[in-house]
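I have a structure I would like to understand better, so I am pasting it below and will then ask my questions one at a time.
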Amino acid sequence: MLRYAMRCDAIRREATNLIIKLCHDKKTGLRYFNNGQLPNRTVEIRQNCTGLTTLPFTVHHPVLFKNCLSQNATVEDFILFENNPQNLFPACKGQKLLRYFQFVNYNGETKPIIEDVPCDTSTLREKMDAFYRHKLSNKYDGATSENNTEEDQSYFEVHTYMMNDQEKSKMELNIKSLMKAPPENSLTQKMLGVTMTVFLHAGRSAVYYLHSHMDHFLSFCLAEEKTWHLIDPMYSDSFDSVWSGNAQIQLREKEPNVPHLIVKQEKGDILFIPPWWLHETMVKKTAKNIGFNLHYGIRGQVTLELAHLFRNNPSFFY
C-alpha cells in the first residue's frame, strides 16, 4: 500500500518538475507560470507570523517567519506526550538501526552519511533525560570512532510521534500559547497525518546531508541558531539519489554550480519547507541543540492521505 501510494506521489512530483522545466527560459533563466508571471522560488522572509495559517498550504517555496515565538518559551514547553514511545516506525529489534551512504560532490570530494532510523521504543522523556546527561567535548572534530570516549562523541537521537485528532488539537493550543501573536485561524486543521518530530543532537547537525521527503514541515528554532542549505526540487536531476525508506538521499552531484539557498534561522523563528525541497542544516559543533518539527500532508498527497487514515496506528501503515 505504501509503495503504491508513494509511486503515485512520485509521478505527480515528476510531472510538476517537467512543467517547470518546460516553462524555463534558457536565455533569461526565468521560470514562467500563469500567463507569464514569475513564481517566487526563493525564500520568502516575513518579519512576523502573518500568513502562518495559510502559506504552508498554498505556496511551493520556503517561507521564514521571523520572531514568531516568545523569547520566554523554553524547549521543555514544546515537550508534549513525553511518556509515549515513538509510533511511526516498527520497533527496532535489539539495537539501533543505522543506514550508511556516501555523498560525492562534483569535484569528487566525499562525505560519509549515517541515517539514523527513529525506531527506538523509549519514551520522549527517556530520550530527553539521556540527552541532558550527555557531555560534549569542545574538542569534537566532527567524526565518531570506536576509540572515542563518551565526552568526545557526537550525539543524535530523534523521536517521531504521529498525533491523533485530540493530540493534534492539544499541540495547536500549546504552540499558540507560546507565540507572540497567536493567529485566530487554526494552524493544524488542514494538516493530515501530523507528526511531531523532536531532534536531539550534539556535535553534529541532525540532518547534515542533502535529502528530501514528500511531506511539508514547519521547523521551530527553540535555542541555538542553525543554517539551512536549500535546493529547489527543479534541480533534483542534478544529483544521483536513492530512497532510503525515510527520505530521498543525494549520493552524487552530477552538475557544477547547482543553486543553493542559504537561510539563517534564529531562536523564535519558524521555517516552512515544501515537499521535496532538498535540504541540510549546520549547527555549532560545540553546542547541544534540540529541534522541533511538525511534518504533515495536505489533500491531494496520496501517500499522506492514506497515512492520515492510520493516524491511530501509524506503524501499521509505515
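Show me the strands (runs of 3 or more DSSP E) found entirely inside region 159-244 where at least 3 residues are within 21 Å of Pro90 (Cβ to Cβ). Explain how you work it out, then say what you get.
Details: elements: 192-202, 216-221, 226-231, 239-243.
Per the criteria, 192-202.
Do we have any residue at all in region 233-240 that's among the aromatic types (Phe, Trp, Tyr) and more than 16 Å from the chain's Cα centre (by Cα)?
Keep residues of region 233-240 that are among the aromatic types (Phe, Trp, Tyr), which gives 235, 239.
When the remaining residues are screened for being more than 16 Å from the chain's Cα centre (by Cα), the result is 235, 239.
Yes, the conditions are met somewhere in region 233-240.
Could I ask something else about it? If you take the residues in region 245-293 that are of a type in the set (Asp, Glu) and within 26 Å of Val59 (Cβ to Cβ), which one is surrounded by the most Cβ atoms within 10 Å (Cβ to Cβ)? Break it down stepwise before answering.
Step one: list which residues in region 245-293 are of a type in the set (Asp, Glu), which gives 253, 255, 266, 269, 280.
Those still in the list that are within 26 Å of Val59 (Cβ to Cβ) too: 266, 269, 280.
On the way: Glu266: 12, Asp269: 23, Glu280: 19.
Going through the qualifying residues, I end up with Asp269.
Do we find that Ser212 is among the small types (Gly, Ala, Ser), in contact (Cβ under 8 Å) with a residue 40 or more places away in the chain and closer than 30 Å to Tyr155 by Cβ in this structure?
Yes.
Restricting to region 87-119, count the residues that are in a strand (DSSP E or B) and within 14 Å of Phe239 (Cβ to Cβ). Before you say what the answer is, go through the steps one by one.
Residues of region 87-119 that are in a strand (DSSP E or B), as a first pass: 97-104, 110-117.
Next, only the ones that are within 14 Å of Phe239 (Cβ to Cβ) stay: 101-104, 111, 113.
So the answer is 6.
Let me ask something additional. Is it the case that Ser154 is over 30 Å from Ala307 (Cα atoms) and among the hydroxyl-bearing types (Ser, Thr, Tyr)? Don't jump to the end; show me each part of the working.
Values: over 30 Å from Ala307 (Cα atoms): yes; among the hydroxyl-bearing types (Ser, Thr, Tyr): yes.
Criteria met by Ser154.
Moving on. Mind listing whichever residues of region 189-216 are more than 16 Å from Gly291 (Cα to Cα), among the polar types (S, T, N, Q) and buried (at least 20 other Cβ atoms within 10 Å of the Cβ)?
Listed by number, the list holds a single entry, Ser212.
We did not get these values from a lab; they are worked out from the coordinates using the rules stated. Please read these numbers as outputs of a predicted model, since none were measured by experiment. Quick reminder, even Gly has a Cβ in these numbers, built from the backbone with ideal geometry, and neighbours come from all protein chains shown.
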